[in-house]
Amino acid sequence: MDSQKEALQRIISTLANKNDEIQNFIDTLNQTLKGVQENSTNILSELDEEFDSLYSILDEVKESMINSIKQEQVRKSQELQSQLSQCNSALENSEELLEFATRSLAIKEAEEFSKAARQIKDRVTMASAFRLSLKPKVSDNMTHLMVDFSQERQMLQTLKFLPVPKAPEIDPVDCLVADNSVTVAWRMPEEDNKIDHFILEYRKTNFDGLPRVKDERCWEIIDNIKGTEYTLSGLRFDSKYMNFRVRACNKAVAGEYSDPVTLETKALNFSLDNSSSHLNLKVEDTCVEWDPTGGKGQETKIKGKENKGSAHVTSLKKHTRSGTPSPKRTSVGSRPPAVRGSRDRFTGESYTVLGDTAIESGQHYWEVKAQKDCKSYSVGVAYKTLGKFDQLGKTNTSWCIHVNNWLQNTFVAKHNNKVKALDVPVPERIGQLSFYDANSKQLLYSFKTKFAQPVLPGFMVWCGGLSLSTGMQVPSAVRTLQKSENGMTGSASSLNIVTQ
């Protein structure tokens, strides 16, 4: 009976998975059908626009040619009209002279005849009729302005659709995920010298494998990529994977998308656990700020008691103690009662809040930035069993570095109430356990220990505030540094913390 139930359960699970695959495929088909209809309409509209543009260009060329012909006609007409006017004027003068010469032949007196003959000679010498060119300055031939459209007509008759670029190919082996950046590389299946640029699309997802049509995020688009690779930098890896696809474009058309690839983007994401927060701390997602009005009803000074744990510390050196300052308590207005979570809120002088995600193994990285006027803060990790009166670093269940800007400036590493002064400047950002300067990636301090149980990120703040950056990978520079450090080679007992 039980074996039959198990077999039936496997069948049901198989059918459910197949139904999910079929439904996803139906969604894909419907999306594709909708895309065919929309894209066909768009292509027809673009074709009309192209032909309208072509007609417009032809109209412009025609108008320009007509203007050229008319200008040539006007130029030649003006030349011929001018020549015709000159000829008519010369002919008129010549006929007048001819008439005068004919009358002069009838003069009988020799002296008058001689005078008339000299006048006629002078006038004939100066007559414009004898200086005229009796050849038209321009011809009536206009064939130099005729156009042969045979080649253009042949070209238009052979007009066809521009070849669609083939889909590029993305090889996950050539892609790189590191330092909260992703470099995507692709290649064309065959050389295509008509490609003008590429379009890359990506989206974050929590689903492995092929992209789903109904995913929780839309595709982000990066256009006009000239090369065959692109790097997305400054990402927050707040999802498990990222989908990528790329298409090639020439001057007129975009090709099909490449087969999508899914790249894993490992990173630790967590927020601050408000249910663990001290009432004097105001917590919002990844920010915590000192709130002196929030602690009404607590006892003013409760000595922190040490919580017993089993962590083994191998490399801490004993130094002078450095505790958290004890500000004056003030009675303030009412505040809603604390919401109880899976543990008690921190109280007394333990101005602490824990992260909401337990870390069991692996290497992880996050960054913490303190406000410039923050007087005191600690950044570290702790067991969930850290007592509600305990301060970070003052028990054997917590590890931290502590910055004190109140009365005197100190920068120390703390564990089990033992203090190690750090002879380095306080960085702008800090990363945890080991602790690094997040800008220079300089190693600040390493705790070497065997954790007996999962740890939670822990933060203490007094008179100021901290902001977290999670969803970050362990930087390459930090990983390289760890390889040269004993006991920091990526074992399950090492953590990486960066603070600011």
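The values are calculated or read from the model by the stated rules, or taken from the named source; none is laboratory data. Source: prediction; values computed, not measured. Cβ placement follows ideal geometry from the backbone for every residue including glycine, while neighbour counts extend to all protein chains displayed. We work out accessible area using only protein heavy atoms, side chains counted, and drop any ligands, DNA or RNA first. Shrake-Rupley method; radii C 1.70, N 1.55, O 1.52, S 1.80 Å.
Inside the range 114-142, residues that are of a type outside the set (S, T, N, Q), modelled with pLDDT of 85 or more and not in a helix (DSSP H, G or I) make up a count of 6.
Filtered by the rule that a residue be open to solvent by 20 Å² or more (accessible area, probe 1.4 Å), hydrophobic (A, V, I, L, M, F, W, C) and in a loop (DSSP other than H, G, I, E, B), the range 213-270 gives 213, 218, 219, 235, 252, 253, 267.
Mind listing just one residue for me: the one in the range 97-113 that is not in a helix (DSSP H, G or I) and not basic (Lys, Arg) and, of those, most open to solvent (accessible area, probe 1.4 Å)?
Step one: filter the range 97-113 for residues not in a helix (DSSP H, G or I), giving 105-109.
In the following step, the residues that additionally are not basic (Lys, Arg) were identified as 105-107, 109.
Numbers: 105: 134, 106: 72, 107: 53, 109: 100 Å².
Across the range 97-113, the extreme among qualifying residues is 105.
Please verify whether the range 151-160 includes one or more residues that are closer than 30 Å to residue 246 by Cβ, of a type in the set (D, E, K, R) and free of Cβ contacts under 8 Å to residues at least 60 places away in the same chain. Checked against the condition, which is being closer than 30 Å to residue 246 by Cβ, of a type in the set (D, E, K, R) and free of Cβ contacts under 8 Å to residues at least 60 places away in the same chain, the range 151-160 yields at least one hit. Only residues that are under 17 Å from residue 451 (Cβ atoms) and among the charged types (D, E, K, R) were counted across the range 391-432, and they come to 1. Being over 30 Å from the mean Cα position of the chain (by Cα) and open to solvent by 100 Å² or more (accessible area, probe 1.4 Å) is the filter here; which residues of the range 19-32 pass it? Answer for the range 19-32, where residues must be over 30 Å from the mean Cα position of the chain (by Cα) and open to solvent by 100 Å² or more (accessible area, probe 1.4 Å): 21, 25.
Restricting attention to the range 334-346, and to residues there that are within 16 Å of residue 398 (Cβ to Cβ) and at pLDDT 75 or above, which single residue is most open to solvent (accessible area, probe 1.4 Å)?
Applying the first criterion (within 16 Å of residue 398 (Cβ to Cβ)) to the range 334-346 yields 343-344, 346.
Of the ones still in play, those that are also at pLDDT 75 or above are 344, 346.
Details: 344: 73, 346: 2 Å².
Of everything passing the filter in the range 334-346, 344 is most open to solvent (accessible area, probe 1.4 Å).
Residues of the range 412-441 that are touching a Leu at 6+ places or on another chain (Cβ under 7 Å), at pLDDT 90 or above and surrounded by fewer than 20 Cβ atoms within 10 Å (Cβ to Cβ): 418, 420. Exactly one residue among 15, 54 is open to solvent by 80 Å² or more (accessible area, probe 1.4 Å) and assigned to a helix (DSSP H, G or I), and that residue is 15. Of all residues in the range 71-85, those that are aliphatic (A, V, I, L, M) have Cβ atoms under 8 Å from Cβ atoms of residues that are surrounded by fewer than 13 Cβ atoms within 10 Å (Cβ to Cβ), 6 or more apart or on another chain, in 80/136; 80/137.
Just one of the numbered conditions (1) under 28 Å from residue 469 (Cα atoms); (2) in contact with a Ser or Thr (Cβ under 9 Å, 6 or more places away or on another chain) is not true of residue 219: (2). Can we say residue 76 is modelled with pLDDT of 85 or more, in a helix (DSSP H, G or I) and either open to solvent by less than 80 Å² (accessible area, probe 1.4 Å) or small (Gly, Ala, Ser) (or both)? Spelling it out, residue 76 is indeed modelled with pLDDT of 85 or more, in a helix (DSSP H, G or I) and either open to solvent by less than 80 Å² (accessible area, probe 1.4 Å) or small (Gly, Ala, Ser) (or both).
Of all residues in the range 464-478, which are among the hydrophobic types (A, V, I, L, M, F, W, C) and surrounded by fewer than 19 Cβ atoms within 10 Å (Cβ to Cβ)? If the condition is that a residue be among the hydrophobic types (A, V, I, L, M, F, W, C) and surrounded by fewer than 19 Cβ atoms within 10 Å (Cβ to Cβ), then 477 is the only one that fits.
Before we move on, is residue 182 surrounded by fewer than 14 Cβ atoms within 10 Å (Cβ to Cβ) and of a type in the set (Val, Ile, Thr)?
Details: surrounded by fewer than 14 Cβ atoms within 10 Å (Cβ to Cβ): no; of a type in the set (Val, Ile, Thr): yes.
Taking the combined requirement at face value, the residue does not satisfy it.
I'd like the residue in the range 396-411 that is outside any strand (DSSP E or B) and under 23 Å from residue 384 (Cα atoms) and, out of all such residues, is least open to solvent (accessible area, probe 1.4 Å). Here the residue is 397.
Look at (1) closer than 30 Å to residue 125 by Cβ; (2) open to solvent by 70 Å² or more (accessible area, probe 1.4 Å) and you find that residue 48 fails only one, number (1). In the range 118-138, of all residues being free of Cβ contacts under 8 Å to residues at least 24 places away in the same chain and within 14 Å of residue 98 (Cβ to Cβ), the one that is least open to solvent (accessible area, probe 1.4 Å) corresponds to 120.
For residue 94, the conditions (1) among the polar types (S, T, N, Q); (2) touching a helix residue (DSSP H, G or I) at 6+ places or on another chain (Cβ under 9 Å); (3) loosely packed, with under 13 Cβ neighbours inside 10 Å are fulfilled apart from (3).
Checking every residue in the range 156-166 against the condition of being surrounded by 12 or more Cβ atoms within 10 Å (Cβ to Cβ) and outside any loop (DSSP other than H, G, I, E, B) gives zero matches.
Filtering the range 180-223 to residues that are touching a residue at least 60 places away in the same chain (Cβ under 8 Å), under 23 Å from residue 30 (Cβ atoms) and among the β-branched types (Val, Ile, Thr) leaves only 213.
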